[in-house]
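Asks: I have a structure I would like to understand better, so I am pasting it below and will then ask my questions one at a time.
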Amino acid sequence: MALLVRNISLAWDEPEENLPAHVARALRVPVAAVGAPGACRVLRRALDARWQDDIRRIYSVAVTLQGDEQRALRRGRAGQVAPLVVTPRPPIQPGRDPLPCQPVVIGSGPAGLFAALLLADLGYRPLVLERGQDAPLRHRARHLFYTTGQFDPENNLLFGLGGAGTYSDGKLYSRTRDPRNAAVLAELVRFGADPDILIDSKPHIGSDRLPGIVRKMVKHIVAAGGTVRFGAKVVDFELADNPPDNGPPDSSPQSGRLRRLVALRLESGERIAADLCILATGYSARDTYRVLAARGVELCAKPFQMGVRIEHPQEMISRSQYGAAATRLPPADYHLVAKGPRSPASPPAPGGGGGDLWSFCMCPGGIIVPSNESPHEICTNGASNAKHNSPYANSGLVITIEPGAFADDPLQGLEYQRHWERRAFELSGSYAVPAQRASDFLAQRLSDGKFDVSYPLGARAVMLEQMLPPAVIAALHRGLPILDRMIHGYAGELGIVTGPETRASSPVRIARDPVTRQSSRVAGLYPVGEGAGYSGGIMSSATDGLKSAELLISRYAPPR
C-alpha cells in the first residue's frame, strides 16, 4: 500500500533532494525507510507566496515504504498522511457493432484532436476536417496580419491546427477531477510537453511550444491510419429522416431522434458520407451555428462572459505578490474577484450591472493577442510563452451575461458579441486595440494615447464607455477600485484597459443527450468542447472530446 503525504513544505531555495527527510519526519520513520530510489514520487507541486518573507514550495508525495506502512499510517501526522487512492481512467472496451462509416471529426482544437487521437490509437482511422491550415501556414498568416493588417478569415489565431488553443497560452488548469485529466497531460508529454506539467499545480505549456506538439499529434494520427485534411471547411450537414428504432428505449444512439446524419458538404462542393461525426468546431465558428440552426439542430442560449483585458508591467504584479523576493521568483500571477451586489433575480442581458467582476485567463509574462474571427472586428485574448518572458502581465476582467434576452433566439447572443467587436473596430479605425488607462477610465477622460502595450498591432486611445455594454461599464467602475485595494496601482495609470474580451465562453449550447452524447434531434452528430457549450479551456475540452470518442468505441468495432 502506497501512502499519500500532503503539505510537505520546502523553502524556495531548498533542493528537492531534501524531500525524503521531510517525508520521513511527517511519517515518523527513519530517512532510510523512504530514501530508496523511487520510494518518493512527487504528485503535486505548488508555490506558496502568502508570506512574502518566507516563500515556500508545497508538495504532495506518494511514498512506498520499506517497512510497516500501516504503522506509519497510524503514527503519521494527523491530516497529512493517508492511503494513496488512485482513480483509474475508465476502461475502454471496443464494441461489436460494425462501424457504418469512417468516423469524422470536425475541428482540430483540443476536443477534436484528443478524440481523433484516441480513435486512431485504437484502430478506428478517423477523418479530421479542419477549416484552417497547418501550423507553418498559420504562422505565416499571423505574421502578415501583425505586420500589414492583412486578415485571413480562414487561417488565423482561431482557425487552424490546434484551434484557438494553439495561440492562447497553453494553460492546463481544470476544476474537474475527471480521471481523464491525467491521461490528457500524459499524452501532451508523450508528444513533447515538459514533464513538469504532470506535477505542477498550475501546468502550462506556452504558445511557443504548442504548435510543435499538436503537429506531432497529427503525424501520429496519420501514422495510425487516420486522415487529417486542412482547408476543409464544412458548410452543410445532410440529414435524412430517422427510421423508427425497434429496440429498447436507449439501446441505440438513434433512439428518439427525428433525423440522422448521412453526409457532410465542404466549401469546395465535395460530399463526404458520414454517419458518425464528432463536432468540435469551437465557439468562434459562428457560421457553423447558423447552418446547424437552419438544419433543425437544437441550440439554446447559455450564460457567457464578456469584459475587457487589462495589462500591467509584470514587475509591478510580481512585486505586489512576492515583495522583495520578486527578483528571484517566476513571474507572479493573480486571481481577483470584486463581488457585485446581490439581487433576488439576475437582470436579463444586456441590461443591469450586477454580479461579480473577476480576472480570467491571467497571463504572467504574456501578451495580448487579437482573436477576431472576421475582418473589421476586434476581440482580445491573452497568451504567454513557456518562459513567461514578456515584461507585461495581462488578464481578462469579465462579468457573466445572463441569456434572458436571447432565450427565444440563441443566435442573438452571437450577434450581441459581434456588435461590440465591430464597434471596437469602428472606434479604433483600424486593428489597433482600443485602450484607456484605468485611472482615466475611472475619471471618465480620454487617455493621451502614449501606450506601452504588448498588443502586436498597437493601441488607440478611446473612451471605453462607447465600446462596451452598460453592464460591463458599471461592473468596471464598481470593481476596479476594489481590485486596486488588492494590488496597489491596479486601477492606476500603469493599468491599460483594452478590449473587448468577448470570447471568454460561448453564448450557445448545442443540446445533446446526456447518455448518448448525441445531438438531441440528430442521430450520429456528437457535439463536444467549448463550441458545443460543454467545456471551457484546453483540459475540459480535451476530456469532453475523449468521452464521446470512448462512447463510439464502446459501441462499434474497429474496421478491419
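Asks: All but one of (1) in contact (Cβ under 8 Å) with a residue 24 or more places away in the chain; (2) among the basic types (Lys, Arg); (3) open to solvent by 50 Å² or more (accessible area, probe 1.4 Å) hold for LYS171; state the number of the condition that does not hold.
Replies: (3)
Asks: Ok, one more. Answer yes or no: is there a residue in segment 164-172 that is in contact with a Cys (Cβ under 6 Å, 6 or more places away or on another chain) and not in a strand (DSSP E or B).
Replies: The answer is yes; a qualifying residue exists.
Asks: Considering only residues that are surrounded by 21 or more Cβ atoms within 10 Å (Cβ to Cβ) and of a type outside the set (A, V, I, L, M, F, W, C), which ones fall in segment 114-149?
Replies: Result: TYR124, PRO126, GLU130, ARG131, GLY132, ARG138.
Asks: Moving on. Restricting attention to segment 417-438, report how many residues are under 21 Å from HIS312 (Cβ atoms), open to solvent by 30 Å² or more (accessible area, probe 1.4 Å) and either in contact with a helix residue (DSSP H, G or I) (Cβ under 6 Å, 6 or more places away or on another chain) or among the hydroxyl-bearing types (Ser, Thr, Tyr) (or both).
Replies: So the count comes out to 0.
Asks: Would you point out which residue out of ARG260, ARG265, ARG290 is in a strand (DSSP E or B), open to solvent by 10 Å² or more (accessible area, probe 1.4 Å), more than 14 Å from ARG521 (Cα to Cα) and among the charged types (D, E, K, R)?
Replies: ARG265
Asks: Considering (1) of a type outside the set (A, V, I, L, M, F, W, C); (2) open to solvent by 10 Å² or more (accessible area, probe 1.4 Å); (3) touching a helix residue (DSSP H, G or I) at 6+ places or on another chain (Cβ under 9 Å); (4) in contact (Cβ under 8 Å) with a residue 60 or more places away in the chain, say which one ARG521 fails and leave the rest.
Replies: Single failed check for ARG521: (3).
Each row is one residue, and each column tells you yes or no for (1) touching a residue at least 60 places away in the same chain (Cβ under 8 Å); (2) more than 19 Å from the chain's Cα centre (by Cα).
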| residue | (1), (2) |
| --- | --- |
| PRO103 | yes, yes |
| ILE106 | yes, no |
| GLY109 | yes, no |
| THR147 | no, yes |
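Asks: Of PRO370, PRO350, which residue is farther than 30 Å from GLU238 by Cβ, at pLDDT below 95 and surrounded by 19 or more Cβ atoms within 10 Å (Cβ to Cβ)?
Replies: Details: PRO370 fails: at pLDDT below 95.
Just one listed residue meets the conditions, PRO350.
Asks: More than 30 Å from LYS202 (Cβ to Cβ), surrounded by 24 or more Cβ atoms within 10 Å (Cβ to Cβ), of a type outside the set (Val, Ile, Thr) and touching a strand residue (DSSP E or B) at 6+ places or on another chain (Cβ under 8 Å) - does that describe any residue in segment 381-404?
Replies: Taking every residue of segment 381-404 in turn, none turns out to be more than 30 Å from LYS202 (Cβ to Cβ), surrounded by 24 or more Cβ atoms within 10 Å (Cβ to Cβ), of a type outside the set (Val, Ile, Thr) and touching a strand residue (DSSP E or B) at 6+ places or on another chain (Cβ under 8 Å).
Asks: Still on this model: Which residue out of ALA511, ALA532 is open to solvent by less than 10 Å² (accessible area, probe 1.4 Å) and closer than 16 Å to CYS300 by Cβ?
Replies: Within the list ALA511, ALA532, the selection yields ALA532.
Asks: Can you tell me how many residues within segment 374-407 are more than 17 Å from the chain's Cα centre (by Cα), closer than 17 Å to ALA164 by Cβ and not hydroxyl-bearing (Ser, Thr, Tyr)?
Replies: Residues meeting the conditions: 2.
Asks: Please note which helices (runs of 4 or more DSSP H) are completely contained in segment 386-495 and include at least 2 residues that are of a type in the set (D, E, K, R).
Replies: Fully inside segment 386-495 and qualifying: 411-428, 470-486.
The values are calculated or read from the model by the stated rules, or taken from the named source; none is laboratory data. Small disclaimer: the values here were computed from a predicted structure and weren't measured. Ideal geometry is used to build each Cβ from the backbone, glycine not excepted, and the neighbour counts take in all protein chains shown. What goes into the accessible areas is simple: the full protein's heavy atoms, side chains included, and nothing from ligands, DNA or RNA. Shrake-Rupley method; radii C 1.70, N 1.55, O 1.52, S 1.80 Å.
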